1. Just give me the residues in region 27-46 being within 19 Å of Trp13 (Cα to Cα) and touching a Leu at 6+ places or on another chain (Cβ under 9 Å), in sequence order.
2. Just for region 15-46: of the residues that are at pLDDT below 75 and in contact with an Asp or Glu (Cβ under 9 Å, 6 or more places away or on another chain), which one is surrounded by the fewest Cβ atoms within 10 Å (Cβ to Cβ)?
Amino acid sequence: MINQVYKHMGKPWLAGCSSSPAYGVDCSGLVMQGLYAGGISPVPTN
């Protein structure tokens with residue numbers, strides 16, 4: 001999970017975005033993508 005997040009450090013910051021680190025995310029979006037990569041589904045989230 002942490003290695004996945006490190007791959008996306010330095011990408012654009014987009015407030016309120018958790019879609020794809022390739023396009024940019026905010027801090028919670030980056031954590032969510034790391035969880036998904038680690039096989040953990042954070043659903044439901046709000």
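1. Result: Gly29, single match.
2. Among those residues, the one meeting the criterion is Gly16.
The values are calculated or read from the model by the stated rules, or taken from the named source; none is laboratory data. Remember, predicted model here, so these are calculated numbers, not experimental data. Neighbour counts are summed over all protein chains in view; Cβ atoms, including those assigned to glycine, are modelled from backbone coordinates with ideal geometry.
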